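Beneath this line is the structure, given in structure tokens, with notes to follow.
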Amino acid sequence: QFGRTEVIDNTLNPDFVRKFIMDYFFEERENLRFDFYDVDSKSPNLSKHDFLGQMFCTLGEIVGSQGSRLEKPIVGIPGKKCGTVIVTAEELGCCRDSVLMQFCANKLDKKDFFGKSDPFLVFHRSNEDGSFTICHKTEVVKNTLNPVWQAFKISVRALCNGDYDRTIKVEVYDWDRDGSHDFIGEFTTSYRELSRGQSQFNVYEVINPKKKGKKKKYVNSGTVTLLSFLIETEVSFLDYIKGGTQINFTVAIDFTASNGNPSQPTSLHYMNPYQLNAYGMALRAVGEIIQDYDSDKMFPALGFGARLPPDGRVSHEFALNGNPQNPYCHGIDGVMEAYYRSLKSVQLYGPTNFAPVINHVARYAASVKDGSQYFVLLIITDGVISDMAQTKESIVNASKLPMSIIIVGVGPAEFDAMEELDGDVVRISSRGRFAERDIVQFVPFRDYIDRSGNHVLSMARLAKDVLAEIPEQFLSYMRVRGIKPSPAPPPYTPPIHVLQTQI
């Protein structure tokens, strides 16, 4: 139980005021249940009151509804209409401010035997238990005791967890090539102090406690001065969702022969009557979360690497529902159904080509660049990729479009090439052109197989890892294009019942 609203007396149309603050993660499925009771006494025990029904939803469903306002019927009493409930969600403001700060220092201690120091700053925020967590490091300024560091941007949440009076500790070090950086000294401040901007309050003495203890005449090891402090309110992923941006989800499934004969239990496509195969699990895990952000719940589902009836031609971009003009399936259940149906009708073949399905989604993404839609392509594959050069080319082109690509590798193959596409370590390039942004997230499914056989857990972990980067990829597209979120629709106000009088 997370909490209870206040009790509103004698009404069938209550408007509850109490708010509940919850953590929201795009990449997790957060199931909620609302129970409704008619309170008859002061007892806190719910069994003493009349049950009026309940409503089930996910947090993503509320957030992903138009204007983050979800209206749903209340159910739970057989044969009875229990009314409807309206739930709205809003993002807390303190989480979205960022600060642009710049610092310089004067007369820092000389630490190097030859030449001057190479100073840098390390910022720590204090935690509830008094410990410190590092939250930012500046660059190193070489060979000076009076450095001016570049301005840097940090979110208020990272700097002080939104608590303006919490201690921020700043350490000053002299950089050494071998990693044994020398400690010059430290000082403490807080967000509230820093927010006064450039002033006499924001000149800090750098103190080295060891030196202070040893030397009677010790004053300080130099000073650090705040040069500028600028607060920027960031627009968040939820601002766009609230403004009506839709996330379109497309699935592409690998039908190459290396998956094994679907009628054999050893096949990755084996249709086990008792549990989902790896393809089904990956599809459900990711799809069930993304579907909350797509209002029509119609998902194009494609296959690649198979020979199609009636003539056996090989296709790397076919509709799982057999309708190339309209490859849309209704909901994740519809996608699963089309996937199982096509396993019975197509012949697994090869090679493993990704470019056609990437270009398929890119064509749609290229037609709506105004920020009203964003496309996520989930590719589930067992194999080593055959058209690496063309795939890189299509990813580099797609990085300019409102789309992200998730690749889940199933089975025991070596997935080295996929790691290269992921672009986390080295930004992907094709013919000398680099991807404008990182849009690919790859994970091997085998890392998520729960040894105890608890597939619900492994699916949740898989979804979390592949979806965690999507909000940032989404925002980077919007930022680069200068697209601002549309205003959210006006908040809901209950209708006032007007009595009509006849004259």
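The values are calculated or read from the model by the stated rules, or taken from the named source; none is laboratory data. Bear in mind the structure is a predicted one, so any value in this text is a computation, not a measurement. Every residue, glycine as well, gets a Cβ built from its backbone with ideal geometry; the counts of neighbours run over all protein chains shown. When the accessible area is computed, the model is the full protein with side chains, heavy atoms only, and any ligands, DNA or RNA have been set aside. Shrake-Rupley method; radii C 1.70, N 1.55, O 1.52, S 1.80 Å.
Summary table
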quantity	calculated
Qualifying residue in the range 25-33 (condition: within 30 Å of ALA468 (Cα to Cα), in a strand (DSSP E or B), within 21 Å of the chain's Cα centre (by Cα) and aliphatic (A, V, I, L, M))	yes
All positions within the range 142-158 that are touching a residue at least 60 places away in the same chain (Cβ under 8 Å) and part of a helix (DSSP H, G or I)	VAL156, ARG157
Residues within the range 50-74 that are closer than 17 Å to PRO14 by Cα and either among the β-branched types (Val, Ile, Thr) or in a loop (DSSP other than H, G, I, E, B) (or both), tallied	1
Residue that is in contact (Cβ under 8 Å) with a residue 24 or more places away in the chain and either exposed (fewer than 10 other Cβ atoms within 10 Å of the Cβ) or touching a Gly at 6+ places or on another chain (Cβ under 9 Å) (or both), where the choices are LEU32, LEU12	LEU12
Strands (runs of 3 or more DSSP E) enclosed by the range 165-220 - at least 2 residues per element that are at pLDDT 95 or above and open to solvent by less than 40 Å² (accessible area, probe 1.4 Å)	167-174, 182-190
Flag for LEU226 being over 30 Å from PRO490 (Cα atoms), touching a residue at least 60 places away in the same chain (Cβ under 8 Å) and either in a strand (DSSP E or B) or not hydroxyl-bearing (Ser, Thr, Tyr) (or both)	yes
Criterion violated by PHE152 - all others in (1) modelled with pLDDT of 95 or more; (2) more than 29 Å from the chain's Cα centre (by Cα) satisfied	(2)
The one condition in (1) closer than 24 Å to MET418 by Cβ; (2) touching a strand residue (DSSP E or B) at 6+ places or on another chain (Cβ under 9 Å); (3) crowded, with 19+ Cβ neighbours inside 10 Å that ILE385 fails to fulfil	(2)
Test: residue in the range 229-245 that is surrounded by fewer than 19 Cβ atoms within 10 Å (Cβ to Cβ), among the hydroxyl-bearing types (Ser, Thr, Tyr) and closer than 30 Å to ILE62 by Cα	yes
Candidates LYS72, LYS81, LYS48, filtered to the one that is within 30 Å of ILE470 (Cα to Cα), without any contact (Cβ under 8 Å) to a residue 60 or more places away in the chain and either surrounded by 12 or more Cβ atoms within 10 Å (Cβ to Cβ) or touching a Pro at 6+ places or on another chain (Cβ under 9 Å) (or both)	LYS72
Scope the range 405-443; condition modelled with pLDDT of 90 or more, open to solvent by 40 Å² or more (accessible area, probe 1.4 Å) and assigned to a loop (DSSP other than H, G, I, E, B); matching residues	PRO412, ARG431, GLY432, GLU436
Any hit, the range 93-105, residues being more than 32 Å from the chain's Cα centre (by Cα), among the polar types (S, T, N, Q) and more than 30 Å from LEU467 (Cα to Cα)	no
Residue in the range 87-104 that is free of Cβ contacts under 8 Å to residues at least 12 places away in the same chain and either of a type in the set (A, V, I, L, M, F, W, C) or surrounded by 15 or more Cβ atoms within 10 Å (Cβ to Cβ) (or both) present	no
Test: TYR173 is more than 30 Å from VAL87 (Cβ to Cβ), among the hydroxyl-bearing types (Ser, Thr, Tyr) and touching a Cys at 6+ places or on another chain (Cβ under 6 Å)	no
Matching residues in the range 305-341 - criterion: being farther than 23 Å from GLU288 by Cβ and touching a residue at least 24 places away in the same chain (Cβ under 8 Å)	GLY305, ALA306, ARG307, LEU308, PRO309, GLY312, VAL314, HIS316, GLU317, PHE318
